[in-house]
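The values are calculated or read from the model by the stated rules, or taken from the named source; none is laboratory data. All figures in this text were calculated on a predicted structure; none of them were measured in a lab. All Cβ positions, even for glycine, are placed from backbone atoms using ideal geometry, and neighbour counts span all protein chains on display.
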């Protein structure tokens, strides 16, 4: 279609295209239209030891509007979490994902709930993408009963096993061998499903990753290792931690793909490609070039090791939500007002969930001793004063 | 702040007793306040200045000024060769640290928390602790592994474990647990100068706490002996042993007990390995009752070893069963109300001390 060929992903204004499209009158009801639209990804894919997927992507209004809504929701959720942390309603660690939404959303669009995902501690949005609710997120962050881990896990330990989301891990790099284990089990059970094991550029140097690559390749596991390269491992820039920051090439004999992680359609395309590859040929690495606006965690200002100009620059040039907004507007799939209304709706959903979570009670004291074991064997466990607080493990 | 309160109390109630059992020299009156963070920073600075073989390695120790600002200013002063930022790869940088120690350097390896030391534990135990023995003395390993240990606030199960008992069970290691700023300075200096591998367990929640320090403590030659406990508070009726943050809790418990006429002796263990068994036993032989306090898991914990030692050496002196206060026997929960129940509180120590003194109501649900 002539219209789509005019599209590129950069900051070209939608005005010229809008006038064209209104002439052709492409307005349709929001979020039901599945007429194919062809779009090109922002940049072509770069590959290591495999062929390159096409940068031409098929999408439609329904999908794009869903992407917009989902990413706007995640964005709002993370910003709200920032405020809650500052208000001391969230304690301990809180690692926010704003800026990286396209990875969670694009990945989910390429797979089913039969496929597994495991990630590290920056897990709030991945949990939502896998079907978690805002209430479960905020209640968990605030240590309440309605939390996804009933308040016992905290920010870094969200799980949703019924959607094959395996957490939520605090030790850098540990989730990758675990993910290979999930892939092993999928192959063992002949499930025709794959595992996405996500890690950051900081974790990419961990020895256990190389052990994981070796064994996954040796055993042909359907494992997709996804490096969410936001270019900083806490306060250390990638060039200060890695001799070779070409993480998609780190697999050596394991193929890899470099992807613009701020372009949700590129992420979806890459994950579709990777799933097909992994089911046939074993492990593959996806390096998502992405960015986090916040610091490493709420204890890190995020500005001592990078400039504010860099942060605003990425926000202006590459923001994933803005990219989709421009795409939607330039294709005349919705008006600016409709998108702003969506953002308002999403904001209200977040606010409502927070209000509900605030009313939710803290866990009952008896929860101290639940779930230590799956099968308690009638063993006793103790509180700090073993003669005062003791319980039989259920 | 707490130290000042304690000093006032001692001055008023116990005019004849000085808390100087293990320290060789007596202190001049405390004039300056220093936080534990400042104490550690100054100790590192002075030792690096005195010996060019000493260097620091770990995540964010350099340009970030330290994840908890313990190494603030050191990169600027000593340069990137001696203050090394590492990738997030504990196994290799612990191993590299041990390798440099084999060669004769004096590395200080920082773990951002000791939870991450588990990624490197093979090097700590098999490469560091056992080498001097296996080589019949050729390969001493003058390394210090340091960092925050134990629970912080709301950091969940994977970031809250206390590793004192695990490391202290291993021969060949020295395991130190400073409490006050004086402890931090004197013991870190001793650790860096010591020719053996030292596991130096700090506490994140203590970093910001100020303590009075005398001129002697501030002197660059100040050093505390490894393997000696400190009697923080002399008492007659019951011995309370504690280390790290729990020393503060024990001292607060002692104040409360005093109002009920129970005079508690508080021992700051300072050194878990070697454990100052003679100080502990001497105290129990005086008071006849013992409460052990620790943050870590109870089973096979520090308190269990102390109890065994006292039963072995001073059985006839015990007038009551040994009481153990420890972290709850569960992974650390996140929710604030559950976390509070999982970590020893001052009232737990008070209650146990009263039980040991037969001052509490009979146990309700013993059956």
> Only one of B:208, B:172, B:154 is over 30 Å from residue B:31 (Cα atoms) and either within 14 Å of chain A (Cβ to nearest Cβ) or part of a strand (DSSP E or B) (or both); which?
Replying inline: B:154
> Is it the case that some residue within segment A:384-392 is away from every other protein chain (no Cβ under 14 Å) and either buried (at least 18 other Cβ atoms within 10 Å of the Cβ) or touching a helix residue (DSSP H, G or I) at 6+ places or on another chain (Cβ under 9 Å) (or both)?
Replying inline: no
> For segment B:298-310, does any single residue satisfy the condition of being surrounded by fewer than 21 Cβ atoms within 10 Å (Cβ to Cβ), away from chain A (no Cβ under 11 Å), more than 25 Å from residue B:157 (Cα to Cα) and touching a residue at least 24 places away in the same chain (Cβ under 8 Å)?
Replying inline: yes
>> Filter segment B:273-297 down to the residues that are surrounded by 20 or more Cβ atoms within 10 Å (Cβ to Cβ) and within 14 Å of chain A (Cβ to nearest Cβ) and list them by number.
In response: B:291, B:292, B:293, B:294, B:295, B:296
> Of these, B:97, B:137, which one is assigned to a helix (DSSP H, G or I), more than 30 Å from residue B:298 (Cβ to Cβ) and over 17 Å from the mean Cα position of the chain (by Cα)?
Replying inline: B:97
>> Among the numbered criteria (1) in a loop (DSSP other than H, G, I, E, B); (2) modelled with pLDDT under 95; (3) more than 30 Å from residue A:252 (Cβ to Cβ), which one does residue A:42 miss?
In response: (3)
>> Show me the helices (runs of 4 or more DSSP H) found entirely inside segment A:162-264 where at least 3 residues are farther than 27 Å from residue A:99 by Cβ and within 14 Å of chain B (Cβ to nearest Cβ).
In response: A:207-218
>> Only one of A:315, A:292, A:308 is surrounded by 17 or more Cβ atoms within 10 Å (Cβ to Cβ) and closer than 25 Å to residue A:237 by Cα. Can you tell me which?
In response: A:292
>> Restricting to segment A:136-146, name every residue that is assigned to a loop (DSSP other than H, G, I, E, B) and either within 8 Å of another protein chain (Cβ to nearest Cβ) or under 13 Å from residue B:154 (Cβ atoms) (or both).
In response: A:142, A:143, A:144
> Out of segment A:59-108, which residues are within 30 Å of residue A:35 (Cβ to Cβ) and out of contact with any helix residue (DSSP H, G or I) (no Cβ under 9 Å at 6 or more places or on another chain)?
Replying inline: A:60, A:62
> Of these, A:75, A:55, which one is surrounded by fewer than 20 Cβ atoms within 10 Å (Cβ to Cβ), closer than 24 Å to residue A:323 by Cα and touching a residue at least 40 places away in the same chain (Cβ under 8 Å)?
Replying inline: A:55
> Which one is nearest to the other protein chains (Cβ to nearest Cβ), of the residues in segment B:140-151 that are over 21 Å from residue B:266 (Cα atoms) and either assigned to a loop (DSSP other than H, G, I, E, B) or without any contact (Cβ under 8 Å) to a residue 24 or more places away in the chain (or both)?
Replying inline: B:151
> Of the residues A:197, A:193, A:217, which single one is in contact (Cβ under 8 Å) with a residue 40 or more places away in the chain and crowded, with 23+ Cβ neighbours inside 10 Å?
Replying inline: A:197
> When you go through (1) under 20 Å from residue A:116 (Cβ atoms); (2) out of contact with any helix residue (DSSP H, G or I) (no Cβ under 7 Å at 6 or more places or on another chain) one by one for residue A:269, which number turns out not to apply?
Replying inline: (1)
> For segment A:351-381, what are the residues that are at the interface with another protein chain (Cβ under 7 Å from one of its Cβ atoms), more than 13 Å from residue B:338 (Cα to Cα) and not in a loop (DSSP other than H, G, I, E, B)?
Replying inline: A:381
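Quick check on residue B:110: is it free of Cβ contacts under 8 Å to residues at least 24 places away in the same chain, touching a strand residue (DSSP E or B) at 6+ places or on another chain (Cβ under 9 Å) and within 14 Å of another protein chain (Cβ to nearest Cβ)?
no
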> Would a scan of segment A:110-123 turn up a residue that is part of a helix (DSSP H, G or I), away from chain B (no Cβ under 14 Å) and either modelled with pLDDT of 95 or more or within 13 Å of the chain's Cα centre (by Cα) (or both)?
Replying inline: yes
> Which one of the conditions (1) touching a residue at least 60 places away in the same chain (Cβ under 8 Å); (2) within 14 Å of the chain's Cα centre (by Cα); (3) crowded, with 24+ Cβ neighbours inside 10 Å does residue B:160 fail to meet, given that it meets all the rest?
Replying inline: (2)
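Restricting the search to segment B:223-268, which residues are part of a helix (DSSP H, G or I) and over 12 Å from the mean Cα position of the chain (by Cα)? Talk me through it step by step, then tell me what you get.
Step one: of segment B:223-268, the residues part of a helix (DSSP H, G or I) are B:245-259.
Selection gives B:249, B:250, B:251, B:252, B:253, B:254, B:255, B:256, B:257, B:258, B:259.
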>> Looking only at segment B:55-94, count every residue that is part of a strand (DSSP E or B) and surrounded by fewer than 24 Cβ atoms within 10 Å (Cβ to Cβ) and tell me the total.
In response: 4
> So is residue B:251 closer than 28 Å to residue B:121 by Cβ and either touching a helix residue (DSSP H, G or I) at 6+ places or on another chain (Cβ under 7 Å) or touching a residue at least 40 places away in the same chain (Cβ under 8 Å) (or both) or not?
Replying inline: no
>> Between B:78, B:103, B:133, B:167, which is more than 14 Å from chain A (Cβ to nearest Cβ) and closer than 28 Å to residue B:332 by Cα?
In response: B:167
>> For segment B:333-363, which positions are assigned to a loop (DSSP other than H, G, I, E, B) and either surrounded by 23 or more Cβ atoms within 10 Å (Cβ to Cβ) or at the interface with another protein chain (Cβ under 7 Å from one of its Cβ atoms) (or both)?
In response: B:333, B:334, B:335, B:343, B:344, B:345, B:363
> What residue, among those in segment A:358-394 that are touching a strand residue (DSSP E or B) at 6+ places or on another chain (Cβ under 8 Å) and touching a residue at least 24 places away in the same chain (Cβ under 8 Å), is nearest to residue B:323 (Cα to Cα)?
Replying inline: A:391
